[in-house]
Amino acid sequence: IKMQTGGILRVRGAVTIEDNAPGSPHAIFLNGVGAVPGVQLSPESLNFDPQGVGTISASQTATLTNTGGAPLIISSITPSGDFTQTNTCGVLPATLAAGADCVFTVRFEPTTIDTRRGAISITDNAAGGLHVIGLSGTGQTPFALSTPGDTVTIQRGVDSATYTINASTTFGFTGD
């Protein structure tokens, strides 16, 4: 029987011997305790504010903690979608000691106007073997043009044309 609690693996079993001696079968009971790695992600997902297509967001972080009693061996870290990451886990395959953690720094760079989803997939030797940080954000156009507004006259030689343009920024873009 295997039971895992708090990074400790408890194993119980028995060896049974059948023979012609009185009291057969005879049992030898076995108990063992071992340590296993554990994974906790905090948070388990990151949601980014709307971001202009082709621009890079401010970074957000997530932490992976080895909650087990044995070293966690991280064999791969793979981001997907319109997201990039750096981390403090070390060169892969990386070993994270019991109780230690590493931090993922994630940025969002949308390629289209729409809801964008992705993940950071972490493959390791803890139960389940694959742990995921979910990622989402919305790509938006960085500015909008609309009318009516100020007029602009463009003149070339004796000819001219008048245009009405009203430019406004969206979701925090400012300046000229």
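The figures follow:
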| item | result |
| --- | --- |
| Among the residues listed as LEU130, LEU135, the single one being under 17 Å from ILE77 (Cβ atoms), open to solvent by less than 70 Å² (accessible area, probe 1.4 Å) and at pLDDT 95 or above | LEU135 |
| Flag if ASN47 is modelled with pLDDT of 95 or more and surrounded by 13 or more Cβ atoms within 10 Å (Cβ to Cβ) | no |
| Flag if THR78 is surrounded by fewer than 19 Cβ atoms within 10 Å (Cβ to Cβ), closer than 23 Å to ARG116 by Cα, without any contact (Cβ under 8 Å) to a residue 60 or more places away in the chain and not basic (Lys, Arg) | yes |
| Yes/no for LEU46 being closer than 12 Å to GLY137 by Cα, of a type outside the set (D, E, K, R) and not in a loop (DSSP other than H, G, I, E, B) | yes |
| Residues (within 18 Å of GLY38 (Cα to Cα) and either among the hydrophobic types (A, V, I, L, M, F, W, C) or loosely packed, with under 13 Cβ neighbours inside 10 Å (or both)) located in the stretch 94-124 | ALA94, LEU96, ALA97, ALA98, GLY99, ALA100, CYS102, VAL103, PHE104, ILE120, ILE122 |
| Criterion: over 17 Å from the mean Cα position of the chain (by Cα), surrounded by 12 or more Cβ atoms within 10 Å (Cβ to Cβ) and farther than 21 Å from PHE104 by Cα - qualifying residue of ALA27, ALA35 | ALA35 |
| Elements of type strands (runs of 3 or more DSSP E) contained in the stretch 70-129, each with 2 or more residues being in contact with a Ser or Thr (Cβ under 8 Å, 6 or more places away or on another chain) | 72-79, 83-87, 101-108, 114-124 |
| Options THR16, THR86; residue that is open to solvent by 70 Å² or more (accessible area, probe 1.4 Å), more than 30 Å from ALA100 (Cβ to Cβ) and without any contact (Cβ under 8 Å) to a residue 24 or more places away in the chain | THR16 |
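The values are calculated or read from the model by the stated rules, or taken from the named source; none is laboratory data. Please read these numbers as outputs of a predicted model, since none were measured by experiment. Here Cβ is always computed from backbone atoms with ideal geometry, including for glycine, and neighbour counts include all displayed protein chains. Surface areas here come from the heavy atoms of the whole protein model, side chains and all, with no ligands, DNA or RNA. Shrake-Rupley method; radii C 1.70, N 1.55, O 1.52, S 1.80 Å.
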